[in-house]
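Enquirer: Below: one structure in structure tokens.
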Amino acid sequence: WRGSNAKMLLILRFWRIRAREVASVVQACLAFSLVASTTYAADVVVSDIRVADHGAKTRIVFDLSNSIEFKTFVLTDPNRMVLDLPEVRLLLPTRPLPSGIGLLRQFRYGLLQPGQSRVVIDLSRPAIIENSFLMPPVGGHRYRLVIYLLLDEKAAVLAESQTTPEEVPVDKSGVDFA
């Protein structure tokens, strides 16, 4: 018995040591996955937003640290353009965000849900997205997400016709109807 007990103790010690090593590896993997997911959330940085008025067109440019997937669409009542992005960090210059330029009234942005950021651009008039694309780094510039908004003239005319008060006929005969 004594020989087999000694062997049994050695086996138990071996497996206890192995269990500790396995637990350490699992803990390290969990810690790495948490750090990796946190790093991914902060992986893309928006470092600047610029807007230019080109008459019926408005150009909006987002400077990005990396390539990114995005989705854009417009909404009405009130007029606005929405830009959905993976979760990004906005490290913008200390100057105020652009506002009142071309079709742009103002910006709003934030975390829509974990892993997804949203930028809402309030528009001064109805617009359509003429083009949106990601430019790769060129000539010392970083990635740039470029959006061209175009005045939606049909919707603008319709909106103006609905807000223009109709002329009310006035009785000029001098008769009091009260």
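Enquirer: Does residue 84 satisfy the condition of being under 13 Å from the mean Cα position of the chain (by Cα), crowded, with 16+ Cβ neighbours inside 10 Å and not in a loop (DSSP other than H, G, I, E, B)? Give the steps one after another, and end with the answer.
Expert: On the way: under 13 Å from the mean Cα position of the chain (by Cα): yes; crowded, with 16+ Cβ neighbours inside 10 Å: no; not in a loop (DSSP other than H, G, I, E, B): yes.
Considered against the rule, which asks whether it is under 13 Å from the mean Cα position of the chain (by Cα), crowded, with 16+ Cβ neighbours inside 10 Å and not in a loop (DSSP other than H, G, I, E, B), residue 84 comes out as no.
Enquirer: When you scan region 95-105, how many residues do you find that are in a strand (DSSP E or B) and open to solvent by 100 Å² or more (accessible area, probe 1.4 Å)?
Expert: Restricting attention to region 95-105, the residues satisfying the condition of being in a strand (DSSP E or B) are 101, 104-105.
In the following step, the residues that additionally are open to solvent by 100 Å² or more (accessible area, probe 1.4 Å) were identified as 105.
Summing the residues that are in a strand (DSSP E or B) and open to solvent by 100 Å² or more (accessible area, probe 1.4 Å) in region 95-105 gives 1.
Enquirer: Another question, then. I need the strands (runs of 3 or more DSSP E) fully contained in region 1-75, keeping only those with at least 2 residues that are under 20 Å from residue 114 (Cβ atoms) and modelled with pLDDT of 60 or more. Show your work before the answer.
Expert: Working: elements: 45-54, 57-64, 71-75.
Passing ranges, in order: 45-54.
Enquirer: Taking the condition free of Cβ contacts under 8 Å to residues at least 40 places away in the same chain, open to solvent by 50 Å² or more (accessible area, probe 1.4 Å), among the basic types (Lys, Arg) and in a strand (DSSP E or B), does residue 108 pass? Before the answer, list the steps.
Expert: Values: free of Cβ contacts under 8 Å to residues at least 40 places away in the same chain: yes; open to solvent by 50 Å² or more (accessible area, probe 1.4 Å): yes; among the basic types (Lys, Arg): yes; in a strand (DSSP E or B): yes.
Here the answer is yes, as residue 108 does meet what is asked.
The values are calculated or read from the model by the stated rules, or taken from the named source; none is laboratory data. Predicted model, so just to flag it, every value in this text is computed and none were measured. Glycine gets a Cβ as well: all are built from the backbone with ideal geometry, and neighbour counts include every protein chain shown. Side chains are part of the model used for accessible areas, which takes the heavy atoms of the whole protein and leaves out ligands, DNA and RNA. Shrake-Rupley method; radii C 1.70, N 1.55, O 1.52, S 1.80 Å.
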